[in-house]
Every structure is written in C-alpha cells, then in structure tokens.
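Inspection log for the structure reproduced underneath, given as structure tokens.
The values are calculated or read from the model by the stated rules, or taken from the named source; none is laboratory data. Please read all numbers here as calculations on a predicted model, not as lab measurements. Counting neighbours? That spans all protein chains shown, and the Cβs are built from the backbone with ideal geometry, glycine included. These accessible areas exclude ligands, DNA and RNA; they are computed on the full protein's heavy atoms, side chains included. Shrake-Rupley method; radii C 1.70, N 1.55, O 1.52, S 1.80 Å.
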Amino acid sequence: MSQATTHAANSPHLEPGEGEAGTVREHHDHHELGFLRKWIFSVDHKVIGMQFLFSGLVFLALGGLMAMAIRYQLAWPWRPMPGLAWMFPATGGAISPEFYTMLFTMHGTIMIFFVMIPLLTGAFGNFLIPLMIGAPDMAFPRLNMFGYWAMVPAFFFILLGFFVEGGHAAGGWTSYPPLSTIEAAAPGSLTGQTCWLLGLTWVGVSSMMGAVNYVTTIVKMRAPGLTMMRLPLTIWSLMITSLLQLFALPVLTAASILQLLDRTLNTGFFTPTNLQVNNITPDSFLYGADSVGAAAGGQPLLWQHLFWFYSHPAVYILVLPAMGFTSDILAVHARKSVFGYKPMVYSLCAIAGLGFIVWGHHMFTSGMNPALGMTFMVSTVMIALPSAIKVFNWLGTLWGGRIHLRTPMLFACAFVSMFIIGGLSGIWMAATPVDIYIHDTYIVVAHFHYVVFAGSLFAIFAAVYHWFPKMFGRVMNETVGKIHFVGSFIFTNMTFYMMHQVGVAGLMRRTADPYAYDVYQHLQPINEFITISAFCMFAWQIFFVVNFFHSMFWGKRVGRNPWNAASLEWDAPSPPGHGNFDRPLEVYRGAYEFNSPEVAEDFIPQTRKL
Amino acid sequence: MSLRLPLCAVSGLALWVSACQLDKDQKPARGVVHYSLSSATTALGSDGEPVISASAQAGIAGSLEMLFGTPQAPSYQLLPEWKDEGFDPNWPQYPEGEDGSGEVDPAELVANNQMYWRRQLTAIDAGLWDRVFVQDFTPDLLARWKALCAETPVEARNDEFKKAARELFENYYPTLAASAELYRQQCLHCHGPEGGGNGPTAPFLNPRPRDYRHGTFKFTAVGKAQPRRVDLYRILDEGVTGTSMPSFRRFSRAQLHGLVDYVRLLSMRGMVERSLVATYTEEETLTSGDTIDAYTEVWEKWQKADSKVLNFDGLVPAPTAETIAHGRELFMDAKTGNCFSCHGPEGRGDGTSAFVLNPETHKVVPAYKDDWGNEILPRNLRLGVFRGGGRPIDIYRRIKYGIAGGPMPEAASSLSSDDIWHLVHYVGSLSERPKHKAAAAHADHGDGAHSDGASGEKH
Amino acid sequence: MRYFFTLMLLLVPILGVWTFVEADRWQLWFPQNVSSFGAEIDGLFDLIMYMVGFTFIVTEVALAWFVFKYSANRPGKGAFTHGSHKLEMIWTAIPAVALLFIAFAQMETWAKVKFESNFPKEGKYTKERPIAELWASQFDWRVRYPGDDGVIGTVDDLERSYEFVVPVNTDVVFHLRSRDVIHSFFVPEFRLKQDVLPGHTIPVWFRAEKEGIYDLVCAELCGWGHYKMSGRMTVVSQADFDKRMADIKAEWFSNGKEQGQ
C-alpha cells in the first residue's frame, strides 16, 4: 500500500481525494500470501493475466519455430533441416512428409488456440477488464483461476501429442474428417489427433470460463457512472469477443466430442460408408467393424459446418480485441477522441452478428449446395462494411491530432496499415467465382496472416508496450522498441506481401514440395525470398525479448499515468496492488476526452469532476 | 537519436541482403545418406552375440560399397568380361540393348523430354534465359546448364547456343547419382535408403512399401523371376492402385528410367548382401571370390529377365454372360479354380482358408504371411481395385502365374487358358454396379449404342 | 524521425502496388487461362482488384499523411471532435453500395460454373452421361472411362491412372469420386476447383478452349502424400481424342505383348 501511495504522488494529474465524491469501494484486506497462492494458484486477475501472457509468449516462440521449419522446407525442399536433422538419420536430415503435415497443423493450432486467443482474451482480457471498468477484481475470481488451470491439461495434451507414435495431429488445423477420424488415414491420426482434440476441448473449457466471467464482470461491476457508452473500446471489444465465444464455442466443443467419439467408440458422425483408407476396408469382417466406424453412414461436410460455425467467429475472436486495443492506443497517443465512438461500437456488434452467418465461405468449393454459396457470399461481403467503418474511424481519429510517435503508437498504426491489406484481400475470398480459383492457395495464407499475424500480433505488441507500465511499473525502452518495430514491420511485409502474388500464380498451401508440378516450379526463387524474410523477422524478435525482460527488472520507473491517458486503469497505482484501486472511483465521462477546450491540460481523466 | 533508427533499418536490410547473397551462392547442402546392412545381417543370435561376426559384417559392408558405391556416388563395379563386350551399366546415357534395357525407343524418350521440358524449351527459344528453371532433383542437368551458361555470356547467345541448350534438355538422361538424388527426395522416406522398405513413413503404410532387397517384385510379367526394366517402369508409371504408391508420371520418362536403374542397383545390392549372408552362415567365412561370385550370379539373374517373359498369344476374349457364368463355376470349384477358399464365395476376400483363429488371443487373424513377413489378406474382388493393374491381361497373369512373394498360387495345370479368361471375366464382373449394369443392358438392347443413360438409372 | 516512419508507412502502398504491377513480369501472375469461364473469373478478380486497390491506396496514403502531418510539433491543442454523423453516413453508404455491387457481380459466373441446373444438357456429355469418373484416392488420380456401352461401372470400363484426356472446345461433364478422404480437383489453368467428398458423386463441368497439357493438383490436404498427388489434364482435338480413346482401349484389352508388359 505504501508503494501505491508513492506512485500516486508521482502522478501530476491525479490530485489526492479526486475521487472522493464517489461511493466508497469495498476495501480489500492485505494479508501476505504464500508464493503458491500469490503466483501459481492466484485468484488475482492481474496475476492470471500474467500467467496467460507468459504461457502465450512461450507458445508463440514454439509456433514461430515451427513456421521457420515450414518456410525452410518450402524454400529448400528435402534439404537437411538445421536443428531437426537428428530426427531423420535415414533421409540424411531431410524431414519426412508426414512431419511437414504435422508442422503446419500444429503451427496453426498453437498459434490460434494457444497464442492468439490466450494472449488477446486471456492475458489482456484478464488484466484490463477490471482495471478499465474500475472493479477490484473479476466477478468470479475462482472461476478465473480455474480458467487458467483448465489450460494446463490443454498444454499437457498438446505437448504430449508430439511424443506419441505417429507424431502429432496432421490433418491441418481444420482437422477435416475422414482424414482425421480414421486412424489409418495419416500417421498423425493414430493417437496425435486424440491429443489434439483433448487439448482443444480443454482450451474451449478455459475460454468458456473466461467468457462467462468477462461478460458478467463488464455488465455488473462497472464503476459508478461508467455507463456502457462510456466504456473504452477495448472493453467493448472484449465483451463482444466473449459473447462470440459463449455462443460459438459450445458448437466446437460438441463437434470435437463427436469427432472424439468417431475416433474412440467408432461412431460414424463424419465417416461415410464404404471407404477403403490405407487399404483397410469396412466390409472386411476382420478389420472393418472396429476400425473405420461400424455405423458409418456419416457426413464429412457436417464437421466442416460445425467446425466453421465456431472457427469463423473465432477469426473475429482473434481480431476484435486487437481492434479495441488499437482504438484505445491510437486515441491516447494521438491525443484525440476516438472518431465516431458509437459507430465503432455498433460496427463491433455488427461484425459479431454477421460473423455467425458467414461460415459457409470456407466451404465454397467443398461440395456444399452452390445456392448456399450465394447467400454466404452476400453476408461475407457485407461483413467487410463494419471493418471498413472502423478503418475510416481510425483515420478520423488520427486526423487533427497531436501524434506522439511512441512505440505503441507505431505498432498501432502498423496494425491499421496491415489490417487494411488483410481486410481488402478478404473480398477476393468472399467472391465465390474468384474463390473457386484462390481457395486454398497462398492468397488465403497471405490474407489470414495479414489479419492475424500482421494485424493482431502487432496489436498485441502495441498493447504490451502500452500497458507494460501498468503491469510492471516500468516502461519498456523506447529506442529498442522502435528498432523492434522497424525491423518487424519491414520483414513482416516482405514475408507476407509476396504471398499474394504466389497465390495468384496458383500455389497451393500445405504442399511439402510443390516444385515437381510444372505449373509451380518457377516459384522456388520467390519462396526463398519469403523464407529469408521470415527468418530475419523471427530473428528480429530478439529485440522484443531482450527489451521485455530487461525492462521488467531494470526499466525506467514511471508513475500511474505515463501516457496521460484518460481511462480508468491509469487511476490505479502501477503496478496495481490487490484490489486494484486505492481510492473510490466515480466516472463522469467517456474514456477519450483529449484536447478538450474545457481544461488547460490536453486530457480529462474519466474520474475528474469538472 | 534521429539517425539511429534509419541506420538500424539499413543495417537490418543489409543483413537481409547478405543472407540472400549467401543463399545465391550456396544453398543448404543436400542430405548425406548412408547405406546400412539389413537387419538380417546385423541380427543377434540367441546368445546376444551377432550371428555374423563384426569383422565379417564390416567385410560385407566394404564389399557392397566396392560393388555398388554409396548413395551419393552409386556405381556398379565393372566385371573384366564386360570390358571386352563394351558393356557398362554406369553409362549415363540411355543404354540400348545388352542388359535387357533396349525396350525403349530413344526417339520416344526425346519426344517425352520435349513434352516434359516444354516450359524450359519455350523459354530457350524465346531467349528468356532467366525463365529457364531447372528443378532441384535434376542436379546433373542443372550443373550442365549452368556450365553451358557460364561458357557463353548473355549477349553472345546465338542460335547455336539455343541449339546446344535445346539438345541438353531434349537428350537428358539422368546419371545414377542424379537418380539417387531423385530417389532420396521422392522415394526414400517410404522405401528407405537401401530399398529395405523401412523409411520413416513406412510404419504407417498398409501394405508396407516394397523391400527391394529380396529381388522379388509382385506385379510383373515374368512370373516369379527378377523383373524386367519395363515391369518396374510400369509400376512407377501407373502406380499401384489401392496402396500408397502413386503414379510418378509427373516426372519425365528419362527420369523414371533413371529411377528404374537405381532401384535395380538397390535390389542387386540387397540380393548380393543376402547371398553373402547365406554363404557366411554355411561356410563361416567369406572370401573376395565369394563376393564376385555372388555379384556375377545376381547380374545373370537380372540379365536373364527378358527371356523369362510370359506372354499370352492371341486376342483377349470379350466377356459374355456364358463366360462369366463359367468363370463363376470355376471360381467356386474346389478342384480347379478353388478361388473361393481364400477370396470367399462372393469375392469379398473373406474365404475361410485365408484366416486362422489365434488360440491365444481368440481372434481371427490372417493365415498367410508374404515373403517379407507381413500378414497378408486376399484381395476383395468386389472393389474393382487391382494392385497389379485392372486390365484383363493383368488379372490373367495374376491368376495364371500367381503373385511372386505372396500366397497367391499359380493356376492349376488343369485350367486351360480359356478357363482362366472366364475367371478373369467373372472377377471383372464382381465390381460392376448393378444399377449401371442395367443401364448398359438397356443401352445394348434398346435404341442404339448411345441411348440416354438416365433412363437406365430410373429403372 | 517522423519522416522516416511516414516513409515506411508510405512504402506499403507504393511497393504494394508496384509488386502487383510487376508481378506479371516476374511470372507471378495467373497461369494462362484455357477454360470457357476462366476469363470471367479473371475479370472478376481484376474488378475486385481495382476496387480494393483504389481503397488500399487512398487509405494507406491517408494514414501516412495523417501520421506525417499531425506528428509535427504544432503549437496549441489539436482538434476536439467526437466524430461526424455526416461522414459516418458517407463512409457507410458508399462502401455498402460498392460491396453489394461486388456481390451481385459475382452471381452469374458462380451460377454458371457450379449450379447443376446450368450444366450442359445438349452436348455429348451430360450430368447423367459423363465423359468419365475421376477417382481420387491417397495419393492418386484415376480416370474411369465408360467402355463401348457408354456406361460407367460395367465390366468393359477403361481405367487409366494419372492422365485425364478430354477433347477441346467441348462441354465436358465428369463425376468426381473419392475412395478414402477428401481430395480436391484443381487445374489452375481451368480456374476450376472442386472438393472430392467421400460418399458423394459430384458432377463437374468445364469447356477447355486450348489444347495442351495442364497440371491437375490436389488442393485439399489428404494426408502425408498430399504434395505427391498430381495428375495431368491433357486437352486434345476431337480427332486426337478419338485416337487416344482407341489407344487406351487397345492398351486395356491388349495381351500385353506389344507394349512388352
């Protein structure tokens, strides 16, 4: 507590007693907790957020290494792979094709379910929601703790899969049956797929707990005076994301349980009759009855519908919080109110609503009734509209501001720049006839990496730089941060931009060695270019790692509000103690009052009464 | 401060450019593959000691390397008598005649090369040199093309250069080393470095990839003898349907023949190894004479392949209702065809003699194993999937001469070739779709050969 | 400093547009089109490309410009505004109209390529009477032509691996079948892709307008050997097609002696 008061004194804009007019908030007793209760089995939302943050960053490194291995194979197929060559003595160090399928499957799975979702909703959701709405903690702190601890079995299963016979799941992160349900179909479908399904189910459980908690907290625990329309956009985006998770996740969980049943109890939800996979035939009484799904008569398309009914909203789960962070960071560092706050909120809702009726655009060429393709095309094209509105509003936010080009601002601007690319290239995919050609080509790869990597991950970087002072009471080094930004931005664009052209040339994704095809053989040089750029980009992240850990312990100490931001979390000490706020809060306005003519300073905190 | 960042970006770009330059000059090295001895050679006896002494194993490995080279530089050792005949199996150009490899017309090979390298040839004709891409798996051609380009600077490239360049591609035939590289990239992960069917992917395949080292190949036209070049070529060209062996027609005919060359080398190497192991087990010692004897013997077997071909003379008869009915009788007759006993009365591959009850686990297990020790099931004939090819003549050969290395026996001598054809017709009819059959019958008896199939569907 | 960051942001649209302009020269553009509907698909791609390209340039340049202009050290406070209703209406309505235009522009071509009601009904090959069945299995394409009776699934069918021969300038309908998992039929030069679903028979039509040899690619992950699953689409003249069919038939019913196998 004493530390907190010193920080309060450091802050020039928060006079003591400022929040006195508000109701007196619940006072949290401070009794010393043991190491286990404080850092491992903590119920404090900030510690849980950190847990998500650190495990997410570890998996980010793992998924990144896999991406490097994939790129290596695409540039120099069947050359001995540095670091992995020892696993393949027979081939002289070249990876085997089933290992490649495992690599991209697990790259996708880890990046989506173990990096982006935990980082966006788990880490920042947990850390920011109570702070930004002026609450002492989450509505259900214990549920929150279980939310993280449900991730532990997920980590266990997803790592276990690498060590089982046949390797990890190798059916793509989409796991289309029958490839994934029939054990004989792929080495990864032996046991790895079961680990994959269990891992995913646990991630789902964790996300559900988190989502219930976030929605309840935001609805019920806002500080007095903090109406819904005064919420920062980060909170809005996290709430919409949680609603998406609440409504979409049960479908995925159900689907993955169905697939688990197909695999273990030989039900036949997704397996048609009369398959001969890897020479095992259902009508042979010897192997048939208990290996390919005795009941069979299933429908592989059913999985695709169920999977995409979750996974398309999941794409928005991956980007909506990033949009929220960006809106906040742009406003703070441009010293400008968010342009069109209400349209921003409505467009978030529109994206979430439309997000539920566009899943079919992943299935245009799947054999689904083409008439459905028409309707899905219209809804998909229309979902570009709220995204466009958001982009225009971000530009409007910059207009007329007083921009400080600090590291978080740079990353946020880069998010806008690259989200434009990712969003616009999505229109090609939505257009059904064009999608006939570009479906499953590298345009798709370029598109979703521009949204999820260049978009969301850059927003995560921005958020880390922006809220780092609140997390640790210290700022990250500006110069190193800028160096990190420059390299990341350049190399990210060099890596992913050329994938558009490679995709237009027709290159398929998920092929271990495309160059034996006559139509693709001239693409090797450009793939080498992409690979080298990707290596440089990966290596460049060393600046982030060094900066992050160095600043954590030795960074410059700052007060409560180093960016002079107006939202509530900057009212709390840095780092906030147990219970977050050391003063009662009352909110009088929205979170983006910058450059107001009413006061001398260029911002008005939400809690200041004029 | 203001200069630091641009400087840093510039140095980052410099790093990138230098990485690119590094790549231009030297790609990552190709993997180094080693031949190892088969598990039969290195097996341990009941006493825990190797059956074949370590020194003898080293001797076998040394002999094999002397005779067949390494995966990076595979080459046959030349026998003295070959020199007199002018026979050299290492010659990189396509060998005509002699060892039974003259079955391919060189002109056909050139024509196929023209088709296969059409992109490159078009680029050469147009003088677009940077569009002449040579793939990674033709390292010898790439080296020759680079050498040719290095000789002549871009501005001096006239029609003569174009002609030379065209010839390079049109007459391409891979060296053994280049074929070994193609093998490493495309085949090794299933078939293993020494063709033992034990690559990293192999454990997940059913049936297991072929182990060449026995010298036995199932789907040939030579009965149970060593296959001819054209038999191996057909497998590469058509694939083995119903297994994980795809068709490799994506490569040029020259490259596939190169692969056949290399598979022959691996197969001979394995046979020599087995023969040396047999000699050692018998005599407890090995001499260099044994090695050369085994080598000569194996070569003779392979060179004789052509004379072993089993042909059917005459026209393939067309099926009729009567031949199919007769075929069914033979199929079900225990004395003549006796097919049902393994393939089942309905041809579903569930005949009683193909299975036994395991007394310990009380489970029904396959009764037979093939020469490689894998459990084997009779084919389900109703699927219409025939690994050795679905042509009538293919099925005829399987029935008449049996399948090398597996339990499928030769046909009883009491069956005439007409009988066998009737069996072929019956087997072919097993996978007919009833609805479609009705449609076909309708077409035959209805209003001409090309009536609307849909009307048949509706019946 | 701000010059440098502005330049970086500005390079995105500049280099981005430049790579698209130069892509064709680097051989990074569409492979040649040989199907009857391919030109329409390319046209729609271009239409969208020009529309999004315009938006791309405008928004990216605006971003760079704002970052440049408003990061300068200016005296006094910045603009104080919470938005503009009028502007919001404008930039909602205009993209909405543009997007709807894009959506409706696609429909005709989509219906033409995929709707079974639009499949050729007049020609030699129809949905009920396809030229062949294309069987996909791990990791092979096999073509099953009907024999003399013109019906697939009978004892006189001709089967051929890898190569699918079709006549030029003819509406071709064929059936896609899978033996095991999901595969996808993709010929880049035809601009045609259709997944092959196990348990389904999916009819597909196209009309190739140029003779040649084209790669047939499996476009849906089908296992470890996905990259190996290649085929060849051979488009020949009608006369050559008849000859090829006769050759295939002769080979199928040969006694194997002539070919030596």
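Find the centroid of the Cα atoms in region B:265-287 and in region A:109-123, then give the distance between the two in whole Å.
Each part reduced to its Cα centre gives a spacing of 58 Å.
Output the 0 to 90 degree angle, nearest 10, between the alpha-carbon long axis of helix C:85-114 and the longest principal axis computed from the alpha carbons of chain C.
The angle comes out at about 10 degrees.
Which whole number gives the average count of other chain Cβ atoms within 10 Å of the Cβ atoms across peptide B:132-141? Don't jump to the answer; show the numbers that get you there.
Numbers: counts 1, 7, 1, 6, 9, 5, 0, 0, 0, 0.
Going residue by residue through B:132-141 and averaging, the value is 3.
On average, how much accessible surface per residue is there in region A:23-166, in Å², for a 1.4 Å probe, leaving out ligands, DNA and RNA?
Numbers: 5160 Å² over 144 residues.
On a per-residue basis, 36 Å².
Which residue, C:I90, C:V143, C:F30, has the largest displacement toward the positive end of the dipole of chain C when charges sit on each Cβ (Lys, Arg +1; Asp, Glu -1)?
C:I90
A:V445: net charge of surrounding residues, Cβ under 13 Å, Lys/Arg +1, Asp/Glu -1, itself excluded? Walk me through the intermediate numbers first.
Working: positive: A:R71, A:R509, A:R510; negative: A:D440.
So the environment of A:V445 carries a net charge of +2.
Per the helix-only calculation at 222 nm, which mean residue ellipticity applies to the protein assembly as shown, given -39500 (n - 2.57) for every DSSP H run of n ≥ 4 and division by its residues, nearest 500 deg cm²/dmol? Before the final figure, lay out each step's value.
Working: 41 runs with 646 residues, N = 1330.
Counting only the DSSP helices, I get -16000 deg cm²/dmol.
Counting only protein heavy atoms, what percent of the accessible surface of region C:132-252 is carbon or sulfur at a 1.4 Å probe? Before the final figure, lay out the partial values.
Working: 1210 of 2620 Å².
The value for region C:132-252 is 46 percent carbon and sulfur by accessible area.
Can you give the relative contact order of region B:118-170 as a percent, counting alpha carbon pairs under 8 Å and 6+ residues apart? It would help to have the intermediate numbers written out before the result.
Details: 28 pairs, mean separation 20.2, N = 53.
Relative contact order comes out at 38 percent.
Applying a 10 Å radius around every beta-carbon, put B:385-394, B:302-311, B:77-86, C:108-117 in order of their mean neighbour count, most first. Don't skip to the answer; put the middle values down first.
Values: B:385-394: 22.2, B:302-311: 16.3, B:77-86: 10.9, C:108-117: 17.9.
Highest to lowest by the protection proxy: B:385-394, C:108-117, B:302-311, B:77-86.
By a straight-distance test (C-alpha under 24 Å), which lysines pair with A:K38 as possible cross-link partners, with residues fewer than eight away in the same chain excluded?
A:K46, A:K470
Using packing as a proxy for protection, rank B:168-174, B:109-115 so that the peptide with the highest average count of other Cβ atoms within 10 Å comes first. It would help to have the intermediate numbers written out before the result.
Values: B:168-174: 21.3, B:109-115: 16.6.
Answer by packing, highest mean first, reads B:168-174, B:109-115.
When the accessible area of chain A is computed with all protein chains present and a 1.4 Å probe, what percentage of it is carbon and sulfur?
On chain A, the fraction of accessible area on carbon and sulfur atoms equals 70 percent.
If packing is taken as the average count of other Cβ atoms within 10 Å, what order do B:154-163, B:277-286, A:583-592, A:190-199 fall into, highest mean first?
Numbers: B:154-163: 11.4, B:277-286: 14.2, A:583-592: 22.1, A:190-199: 23.7.
Packing proxy ranking, top to bottom: A:190-199, A:583-592, B:277-286, B:154-163.
Between C:S178 and residues 5 or more places away or on another chain, which pairs have amide H atoms under 5 Å apart, with H built 1.01 Å from N, and which residues are they?
HN-HN under 5 Å from C:S178: C:A136, C:G199, C:H200.
Between region B:30-95 and region A:513-548, what is the separation of their alpha carbon centroids in Å?
40
For region B:321-445, what is the accessible area per residue in Å², given a 1.4 Å probe and the full set of protein chains?
47
Write down the Kirkwood hydrodynamic radius of region B:118-170, to one decimal in angstroms, obtained as one divided by the mean of 1/r over all alpha carbon pairs. Write out the running numbers ahead of the final one.
Numbers: mean 1/r = 0.0903 Å⁻¹.
Result for region B:118-170, one decimal place: 11.1 Å.
So for the protein assembly as shown, Kirkwood radius off the Cα pairs, Stokes-Einstein at 37 °C and 0.692 mPa s: how many µm² s⁻¹? If you can, show how the numbers build up before the last one.
Values: Rh = 34.0 Å.
Once the numbers are plugged in, D ends up at 97 µm²/s.
Please report, in debye to the nearest 20, how large the charge dipole of the protein assembly as shown is about its Cα centre when each Lys and Arg carries +1 at its beta carbon and each Asp and Glu carries -1 there.
Values: 104 positive and 121 negative charges, 1082 e Å.
Result for the protein assembly as shown is approximately 5200 debye, rounded to the nearest 20.
Ignore the peptide's own chain and count Cβ atoms of other chains within 10 Å of each Cβ in C:61-72; give me the average, rounded.
Values: counts 0, 6, 9, 2, 3, 11, 10, 1, 5, 9, 10, 2.
Per residue, the average neighbour count from other chains is 6.
Quick one: dipole size for chain C, taken about the Cα centre, charges +1 on Lys/Arg Cβ and -1 on Asp/Glu Cβ, in debye to the nearest 20.
On the way: 27 positive and 32 negative charges, 259 e Å.
So the dipole magnitude of chain C works out to roughly 1240 debye.
Could you run the Karplus curve 6.51 cos²θ - 1.76 cosθ + 1.60 with θ = phi - 60° over region B:365-373 and give me ³J(HN,Hα) per residue in whole Hz, x for Gly and Pro?
In residue order, the calculated couplings are 10, x, 7, 10, 10, 8, 4, 8, x Hz.
Taking each residue of A:83-91 in turn, how many C-beta atoms of other protein chains fall within 10 Å of its C-beta, and what is the average? If you can, show how the numbers build up before the last one.
On the way: counts 0, 0, 1, 0, 1, 4, 6, 14, 11.
Partner-chain Cβ atoms within 10 Å, mean over residues of A:83-91: 4.
Ignoring ligands, DNA and RNA and using a 1.4 Å probe, state the total buried accessible area between B and A in Å², rounded to the nearest 100.
Numbers: alone 25210 and 23580 Å², together 44330 Å².
So the buried area, both faces added, is about 4500 Å².
Largest first, how would A:H578, B:H257, C:H85 line up by accessible area (1.4 Å probe)?
Details: A:H578 75, B:H257 5, C:H85 145 Å².
Accessible-area ranking of A:H578, B:H257, C:H85, largest first: C:H85, A:H578, B:H257.
For the C and B pair, go ahead and give the buried accessible area with a 1.4 Å probe, both sides summed, in Å² to 100.
On the way: alone 16490 and 25210 Å², together 37240 Å².
Using a 1.4 Å probe, the pair buries roughly 4500 Å².
Any chance you could get the radius of gyration and Dmax over the Cα atoms of region B:352-391, in Å?
12.9, 42
Semi-axes of the equivalent ellipsoid of region C:132-252: what are they in whole Å, largest first, if each equals the square root of 5 times a C-alpha gyration tensor eigenvalue?
Values: eigenvalues 96, 59, 32 Å².
Sorted largest first and rounded, they come to 22, 17, 13 Å.
Nearest 0.05, what FRET efficiency do B:E108 and B:R433 give at R0 = 45 Å with Cβ-Cβ as r?
Details: r = 37 Å, r/R0 = 0.83.
That pair, B:E108 with B:R433, gives E of 0.75.
Run the simple label-point estimate for B:V32 and A:M228 please: 7 Å along Cα→C-beta, distance reported in nm.
Those two pseudo-labels are separated by 6.9 nm.
Taking the Cβ of C:W110 as the centre, find all other residues whose Cβ is under 15 Å away and add up their charges (Lys, Arg: +1; Asp, Glu: -1). Before the final figure, lay out the partial values.
Working: positive: C:K112, C:K114, C:R191, C:K193; negative: A:D435, C:E40, C:D42, C:E108, C:E116.
Summing Lys and Arg as +1 and Asp and Glu as -1 gives -1.
Compute the long axis of helix C:238-252 from its Cα atoms, compare it with the longest principal axis of the Cα atoms of chain C, and write down the angle in degrees, 0 to 90, nearest 10.
Helix C:238-252 and the main axis of chain C meet at about 60 degrees.
Kindly tabulate the residues in region C:7-45 with an accessible-area decrease of at least 30 Å² between the chain alone and the assembly of all protein chains, using a probe of 1.4 Å.
Correct list: C:M8, C:L9, C:V12, C:T19, C:F20, C:Q27, C:L28, C:W29, C:F30, C:P31, C:I41, C:F45.
Run the quick spin-label model on B:T336 and C:F54: label points 7 Å from Cα toward the beta carbon, then report their separation in nm to one decimal.
According to this spin-label approximation, the distance is 8.0 nm.
What is the percent carbon and sulfur in the accessible area of region B:278-347, measuring with a 1.4 Å probe over the protein chains and ignoring ligands? Walk me through the numbers before you get to the answer.
Numbers: 2200 of 4040 Å².
C and S atoms contribute 55 percent here.
Could you list, bin by bin from short to long, the percent of Cα-Cα pairs of region B:321-445 in 5 Å steps?
All Cα pairs, binned at 5 Å, distribute as 2, 10, 18, 23, 19, 12, 8, 5, 2, 1, 0, 0 percent.
How far is the Cα center of region C:59-103 from the Cα center of region A:256-272, in Å?
Rounded to whole Å, the Cα centres lie 51 Å apart.
Considering only Cα-Cα distances, which of the following residue pairs are longer than 26 Å: B:K224/B:K369; A:K336/A:K390; B:K400/C:K249; B:K301/C:K257; B:K224/B:K335?
none
Would you mind computing, in nm to one decimal, how far apart the modelled labels at C:Q238 and C:I90 are, each placed 7 Å from Cα along Cα→Cβ?
5.9
Taking a probe of 1.4 Å and counting only protein heavy atoms, give the total accessible area buried between chains A and C in Å², rounded to the nearest 100.
Working: alone 23580 and 16490 Å², together 31200 Å².
Its buried surface, counting both partners, is about 8900 Å².
Kindly tabulate the residues in region B:365-404 with an accessible-area decrease of at least 20 Å² between the chain alone and the assembly of all protein chains, using a probe of 1.4 Å.
B:L377, B:N380, B:L383, B:G384, B:V385, B:G390, B:R391, B:P392, B:I393, B:R397
Using amide H atoms built 1.01 Å from N in the peptide plane, name the residues 5+ places from C:L216, or on other chains, whose amide H lies under 5 Å from its own.
C:G231, C:R232, C:M233
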